[in-house]
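For reference, the structure is listed below as structure tokens.
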Amino acid sequence: TSAARPVVLIAEKLAPSVVDALGSGVEIRHVDGTDRPALLAAVAEADALLVRSATQVDAEVLAATTRLKVVARAGVGLDNVEVPAATARGVMVVNAPTSNIVSAAEHAVALLLAAARQIPAADATLRAHTWKRSSFNGVEISGKTIGVVGLGKIGQLFAQRIAAFGTTLIAYDPYVSAARAAQLGIELVTLDELLRRADAFTVHLPKTPETKGLIGAEQLAMTKKGVIVVNAARGGLIDEQALADALASGQVGAAGIDVYASEPSTDSPLFAQPNAVVTPHLGASTTEAQDRAGTDVARSVLLALAGDFVPDA
Ligand code: MLT
């Protein structure tokens, strides 16, 4: 009977590709994952839970489940899923680890270029029916030393792309060998050296207890005056108040920021800084990345519901 169809609970807006890829063998239900009481009620009947980054899948949510087999994250970062709590209940956690890496790298490049030329601020002057051509003076990326903090998949894609601008690349990543970095044309350095040498730097790290607050006031004080800072990874890797202070003092010349310590964010101190270019966590928000995330997690969910081993993407 149809009562046997497993229930897949979709808790956030996902690409239509997810529904197509899940097919008719499952019953799809929707809930707003940020509506806590609704989520707690709905997960009780779910066999699979699909989220993006806004739904907190913590111990309380997991405790409200009765037959959940899999939590699927339609994206990369798992910082909104309490993986140990899921594992303890025998719930599998899957993600789409390569779905949006190109989109994230491209967004970091876009933020760097937009910050270097103050594109949003200049755009705003025209929309205000003023012509302030002489108020804006940017810097070139060509010839500059660009630091990549975190040389994983996204950091490497960023590095490849920004290399085309004629840059010198340095990176900090304790998990990457100097030989591998050299193959990529990147010099591996300590974080301190990166901060001292970079004309601009970008972070591409997961948010963990070790990486949270990695770049604070002390680190920003070590940089070249006027450095450009980019974060399209996770809020809180760079201390938001410290960065806002450094932008205000001119120690940091400009910043391109996509992510915030707490999201949704409507009152970050960065929003008051004219030399900050800010976007609301859009790194993965492209048609291509969301399509891939949808199909990738759907595939993993179907495998998990069938009791099959889920391979790493
Ligand atoms: C991710 O970790 O994949 C990104 O934050 C994008 C998203 O939340 O969809």
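For this structure, a couple of remarks:
- Separation of the Thr145 and Asp58 label points, Cα + 7 Å toward Cβ, nm: 4.2
- Counting beta carbons within 10 Å around each of Arg127, Arg52 and listing the fewest first gives the order Arg127, Arg52.
- Within the chain, percent of DSSP bridges classed antiparallel, to nearest 5: 0
- Taking Ala284, Ala200, Ala85 in turn, the Gaussian network model of the chain (Cα-Cα springs below 10 Å) assigns the largest fluctuation to Ala85.
- Footprinting exposure proxy for Met92, Met222 (fewest neighbouring C-beta atoms within 10 Å first): Met222, Met92
- Applying 1/(1 + (r/R0)^6) with R0 = 25 Å to the Cβ-Cβ distance of Ile28 and Thr66 gives a FRET efficiency near 0.85.
- DSSP-defined antiparallel bridges as percent of all bridges, the range 1-147, nearest 5: 0
- Fraction of beta bridges assigned by DSSP in the range 101-278 that are antiparallel (%, nearest 5): 0
- Full-extension gain in nm, Thr266 to Thr208, via 0.36 nm per residue minus C-alpha separation: 18.5 nm
- Take the Cα of Ala41, go 7 Å toward its beta carbon, and the backbone nitrogen atoms of the range 56-79 under 16 Å from that spot belong to 64-65.
- The residues Ser53, Ser265, Ser24, Ser177, when put in order of fewest to most other Cβ atoms within 10 Å, stand as Ser24, Ser177, Ser265, Ser53.
- 5 angstrom amide H check on Val227, placed H, neighbours 5+ away: Gly253
- Student exercise, the range 40-84 dipole from Lys, Arg, Asp, Glu Cβ charges, in Debye to nearest 20: 180
- Once the chain from Ser134 to Glu187 is taken as fully extended at 0.36 nm per residue, the excess over their C-alpha distance is 15.3 nm.
- Relative counts (whole %) of C-alpha pair distances in the range 101-278, using bins that are 5 Å wide: 1, 9, 18, 22, 22, 15, 8, 4, 1, 0, 0
- Gyration tensor (alpha-carbon) shape descriptor, the range 48-189, a/c threshold 1.5: oblate
- Kirkwood hydrodynamic radius (C-alpha pairs) into Stokes-Einstein, the chain, 37 °C and 0.692 mPa s, D in µm²/s: 158
- Backbone phi angles across the range 69-74, fed through the Karplus curve with coefficients 6.51, -1.76 and 1.60 (θ = phi - 60°), yield HN-Hα couplings of 10, 8, 10, 10, 9, 7 Hz in residue order; Gly and Pro are listed as x.
- Cross-link partners of Lys153 among lysines, defined as those whose alpha carbon lies under 24 angstrom from its own and excluding same-chain residues fewer than eight positions apart: Lys144, Lys207, Lys212.
- In the chain, helices alone account for a calculated mean residue ellipticity at 222 nm of -10000 deg cm²/dmol, with every DSSP H run of four or more residues adding -39,500 (n - 2.57).
Coordinate-derived values only; no laboratory data. In this text the structure is predicted, and so the values were computed from the model without any measurement. A quick note on method: Cβ atoms are made from the backbone with ideal geometry, for glycine too, and the neighbour counts reach across all protein chains shown.
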